[in-house]
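Take a look at the structure below.
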Amino acid sequence: MHIRLLYIALLIFLTAGCAKLPDELLSRTRTKVSMAYAGGAAELAPGEYQLASSALQAAEQQIANGEYRVAERTLALSSRYADEALIQARAEKERIAEEQARIAEQQQAEVQRQREEKRLAELKQAELKRQRERELAKAKPKVEPQVSEPVEEEPEPEHKPLLVDQVEVLSGEDLAMVAARPEVYNDAQLWPLIYKANRDQIKDPTEIFAGQVLVVPRDKSRGEVDAARREAQDLDLF
């Protein structure tokens, strides 16, 4: 009887001795749980991460109580949940990044659409303005030329005025008046030639000042002179 009891006690002792402290498994599991946390699993995969963390805490308590075999199973469970938590966290990060890229693309497309709408609206507004100008031009009454009695032409003076290359603006004069001077062009409608040659000191063709000395260009071709005359008629500033 004593021998049998001694045998049972020895068997219990040997069985207990086979269970070792799972230090390496505990270290690996802690590392996996830490990696899952660093990967954002606590926020992106809270369910799996909580299971992994709780299992790790339970295994640590089991080891403290000497329940090594139970602790090994618990650590394996914690390791599995930590892996799943990390995988889910990475997948969620990719989904969030794709969603953010999609939103950014939609916002860019919306900005482009608004720019295109603005451009089309400006083009439409410009076209409406041109159309109104054409309608006003058509509605403007035409002045029939009046037939006047022939007037005897005065004989031209024997001496033509000396043409000048520069002219000083007199008080009360505008560009048309300057162009109409005999020594300038003797033609008020050629004022655009003077305006374009003096852009450095004339910002607005309707604003010149007494005392200004203006250049009178003399190198213009017949085509340029005709173009200036048509421009003056179209603008009708004076």
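Things worth noting here:
- For residue 205, the stated conditions hold: it is surrounded by 11 or more Cβ atoms within 10 Å (Cβ to Cβ) and under 18 Å from residue 237 (Cβ atoms).
- Selection of first residues in the range 77-90 that are touching a residue at least 12 places away in the same chain (Cβ under 8 Å) and of second residues that are of a type in the set (S, T, N, Q), restricted to Cβ pairs under 6 Å at least 6 apart or on distinct chains, gives the following pairs, ordered by first then second residue: 78/29; 79/29.
- Subset of the range 24-80 [farther than 20 Å from residue 93 by Cα and not in a helix (DSSP H, G or I)]: 65, 66, 67
- When residues of the range 94-130 are limited to those that are open to solvent by 100 Å² or more (accessible area, probe 1.4 Å) and within 21 Å of residue 42 (Cβ to Cβ), the one nearest to the chain's Cα centre (by Cα): 100
- For the range 69-89, the set of residues classified as within 16 Å of residue 24 (Cα to Cα) and of a type in the set (Val, Ile, Thr) consists of 70, 74, listed by residue number.
- Looking only at the range 136-152, and only at residues there that are outside any loop (DSSP other than H, G, I, E, B) and open to solvent by 100 Å² or more (accessible area, probe 1.4 Å), the one that is modelled with the lowest pLDDT: 138
- Annotation note: Cβ proximity below 9 Å between a residue of the range 180-200 that is under 16 Å from residue 213 (Cβ atoms) and open to solvent by 20 Å² or more (accessible area, probe 1.4 Å) and a residue that is of a type in the set (Asp, Glu) and not in a helix (DSSP H, G or I) (sequence gap 6+ or interchain) occurs for 181/173.
The values are calculated or read from the model by the stated rules, or taken from the named source; none is laboratory data. Every value quoted in this text rests on a predicted model; they were computed, and no experiment measured them. Please note: Cβ atoms are built from the backbone with ideal geometry, for glycine as well, and neighbour counts cover all protein chains shown. What goes into the accessible areas is simple: the full protein's heavy atoms, side chains included, and nothing from ligands, DNA or RNA. Shrake-Rupley method; radii C 1.70, N 1.55, O 1.52, S 1.80 Å.
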